[in-house]
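Accompanying notes for the structure given below.
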Amino acid sequence: MSDPLLRVRDLCVDFGANPAIRGVNFDLSAGETVGLVGESGSGKSTLARAILRLLQPVRGRVEFLGMDLLRCSGAALRAHRRDLQIVFQDPLASLNPRMTVGEAIGEPLQIFEPRLTAGDRVRRVSAMLERVGLGAGMAGRYPHEFSGGQCQRVGIARAMILSPKLLICDEAVSSLDVSIQGQIVNLLLDLQRESAMAVLFISHNLAVVRYLSHRVLVIYLGRLVEVALCDALFATPKHPYTRALLAAVPQLPSATAAPAAPMVHAAPAVPAPSAASAVPVLPAEPIRPARLMASGCAYRDRCPYVLPICETKDPPLLEASAGHWVACHRSQETLIPLSFA
Amino acid sequence: MIPTLSIDELSIRFSHRAGTIEAVDRLSLKIAPAECVGIVGESGSGKTQVFMAAMGLLAGNAEVSGSVRFEGSELLGAEPSTLNRVRGSKITMIFQDPMTSLTPHLKIGTQLAEVMVSHLGMPWRDARASAGRMLDRVQVPESKRRLNQYPHELSGGMRQRVMIAMSLLCEPSLVIADEPTTALDVTVQAQIIELLRAVRGESGVALALISHDLAVVAGLADRILVMYAGRIVEDASAQELFRRPRHPYTAELLKCIPSISGPRPLRLPTLVGQPPRPAEVLEACPFAPRCSRAADRCRIERPQLTGPATGQVACHFPLA
């Protein structure tokens, strides 16, 4: 395989004295979508912001096209910004209410392609508006005139106008209704196929991540605890935390017919979460995360499979089977039962 | 038997500079004692407004018509003093965001005790003791210590448990839970659903569960009402709704919901178009512009909710 587009190595972020991200390593290739899942407070957004150097990490490397973004000069970073774009969760809050959507989408062009004539810029903006399904006639309207789903299309148009090589979606569909969510997910899939951009898709919605991602990273208290191909992760989750996450997802009764769209993956059925009442026996949330992150496995307080070694030794992320990485002292055992009782 | 909540021909209009918005259009529903009814619909479908009307909490520019009766007595247009005897004690509400629905500068114990002092005339000391017992019941660990804490000292899941405790203090007949798990992580959501299930089992309270998430409702509700553009388009037992949705909107919506198991299609199924802007009273089916089964009749005649009590649908051409 060719060199990855993005290479993150040993990334660490602190908030004051508190560790937020610890030793994160992963690669992202052109055309690939990687899902990043975890609970609130696990560091998903912090990781995204550190990659874009919107936060300054304390340690590690973020190599984008071979250049270390964390150590390059301001000018070099600015030159790369056009290739690194982000779409945020709240589409209305991330648009300037005093700019028409045409101005908002055109602004990146003004900054990065200042020689473009006004007429050319308008044409590019119109084409982009059409591409995201809004229509060129919408350019003169203000964000408040749009619904949440339409605002999110504007946010995507603004991120896509410079044809970035990497797009980070930070909970980009989480605030949308389910019927609109599908439209936005499909739009992202289409745009990616056209441009071969890499996508880091951050979401707490595991089902949406499953539809979009080639690979999935599971993050817990600032550490990656499991990295696997999407189908492998959902079919055979290995980390106890991943299993607990999957078991907690409420499911529709199975009578709902399978969607009639063409199938590409015939994933094996997920064994665990059958009844809606199957609730994992987990304490609600980690208590005093700083203590848990200092030494040992950060998940040990909630883990039903905890061993003495988990208290003292932080499990490294190891390849348990081909392409399936797990940070758990018991990852090689097959005896872990799938039920959480 | 008198229904716990009985809503007849409820319409809610909001007037503003640019005209009026028809948020709820001639809606009728009943909730029986101890029944758990799920109300699902997308944002703007009017699901919250129906219950805000019942609680007398609509915005000042709302015009309401119709009838909302609680255990037989009319709530619409009732004096504030009458309403205040009922709401917060006999009808209670749990909101989406427990941080903004708790008072930030009052201790948990004070906020809980206040409910019983004002509604039941209980002395503060007894009320605080009751509050502690209620926290135990909703499985808040270290309840004694929690009474002396402020909302910001608790996690989101704990705050929602406190809200649930507060809603149960005066032995209500009806708890309205408006997106009670939407702001929570999936692991915490599972615990809150489990708690609501336990509460129902123990207390026999009726529960109106408002959510945009059919999967959350699926695990709890006996009966599900599907709302679209200010109307109920389908009313069926939970089992029936998932096995055999009859309204095209319900069927399409179910297809759109991505799952963590089963096949993974190349594209997510979607509903084409947008819900209608709630601008004017439509004498037509509001779903017609997005519906693959729509015919001329759907564009001129409003379908009424009809059918047996086990499964009603408002559609001229329902699915078999």
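Maximal additional length on extending the B:Leu106-B:Glu202 stretch stands at 31.6 nm, based on 0.36 nm per residue less the C-alpha distance. Quick one: Debye curve from the alpha-carbon atoms of the protein assembly as shown only, equal weights, vacuum; give me log10 I(q)/I(0) at q = 0.08 Å⁻¹ to two decimals. Debye intensities relative to I(0), on a log10 scale: -0.66.
Calculated FRET efficiency, B:Gln304 and B:Met99, Cβ-Cβ r, R0 51 Å, to nearest 0.05?
Numbers: r = 42 Å, r/R0 = 0.81.
Computed FRET efficiency for B:Gln304 and B:Met99: 0.75.
Rounded to the nearest 500, the helix-only mean residue ellipticity at 222 nm of chain A stands at -9000 deg cm²/dmol, with each DSSP H run of n ≥ 4 adding -39,500 (n - 2.57).
Fraction of C-alpha pairs exceeding 21 angstrom in segment B:190-320: 48 percent, rounded to a whole number. Starting from one equal scatterer on each C-alpha and no solvent at all, send me the Debye-based log10 I(q)/I(0) for segment A:9-57 at q = 0.18, 0.33 Å⁻¹, two decimals. Cα-only, vacuum Debye calculation for segment A:9-57: -0.58, -1.40.
Cross-link pairs exceeding 30 Å in C-alpha to C-alpha distance, out of A:Lys165/B:Lys255; A:Lys44/A:Lys165; A:Lys44/B:Lys144; B:Lys90/B:Lys144; B:Lys47/B:Lys144; A:Lys238/B:Lys144, comprise A:Lys165/B:Lys255; A:Lys44/B:Lys144; B:Lys47/B:Lys144; A:Lys238/B:Lys144. Using the Karplus relation 6.51 cos²θ - 1.76 cosθ + 1.60 with θ = phi - 60°, the per-residue 3J(HN,Hα) values for segment A:229-234 come to 4, 3, 4, 5, 5, 7 Hz, with x marking Gly and Pro. Remark on segment A:211-256: Rg and Dmax equal 11.7, 38 Å (Cα only). Spin-label model, A:Ala93/A:Glu194: points 7 Å from Cα along the beta carbon direction are separated by 3.0 nm.
Put a dot 7 Å past the Cα of A:Glu103, heading toward its Cβ, do the same for A:Arg291, and the two dots end up 5.3 nm apart. The phi-based Karplus calculation (6.51 cos²θ - 1.76 cosθ + 1.60; θ = phi - 60°) puts the 3J(HN,Hα) values of segment B:181-194 at 10, 5, 8, 9, 5, 4, 5, 6, 4, 4, 5, 5, 4, 4 Hz, whole numbers, x for Gly and Pro.
Evaluated on segment A:100-259, the Kirkwood hydrodynamic radius is 17.6 Å, with distances taken between all distinct Cα atoms. Around A:Leu70, with a cut-off of 13 angstrom between Cβ atoms, what is the net charge of the other residues, counting Lys and Arg +1 and Asp and Glu -1? Neighbour charge sum, excluding A:Leu70 itself: +4.
Shielding by partners for peptide B:226-239, expressed as the average number of C-beta atoms from other protein chains within 10 Å of each residue's C-beta, is 0.
GNM on chain B, alpha-carbon springs under 10 angstrom: the most fluctuating residue among B:Glu35, B:Glu179, B:Glu202 is B:Glu202.
Considering chain B at the alpha-carbon level, its Rg and Dmax are found to be 20.5, 67 Å. Find how many whole Å separate the alpha carbon centroid of segment A:60-123 from the alpha carbon centroid of segment B:229-246. Here the answer is 45 Å between Cα centres.
Ignoring trypsin sites (Lys or Arg not before Pro) that are buried or in helix or strand per DSSP, and keeping those with at most 13 other beta carbon atoms within 10 Å, what is the longest stretch of chain A between them? It runs A:116-312. Site pair A:Ala127 and B:Asp296 shows an inter-label distance of 4.5 nm when each label is modelled 7 Å from Cα along Cα→Cβ. Unpaired Cys in chain A, meaning no second Cys C-beta under 4.7 Å: A:Cys12, A:Cys72, A:Cys151, A:Cys169, A:Cys230, A:Cys303, A:Cys328.
Any read-out appearing in this document is the output of simple, stated calculations on the displayed coordinates, not a laboratory observation. These numbers were taken from a predicted model, which means no experiment stands behind them. Positions of Cβ are generated from backbone atoms using ideal geometry, with glycine treated the same way; all protein chains shown enter the neighbour counts.
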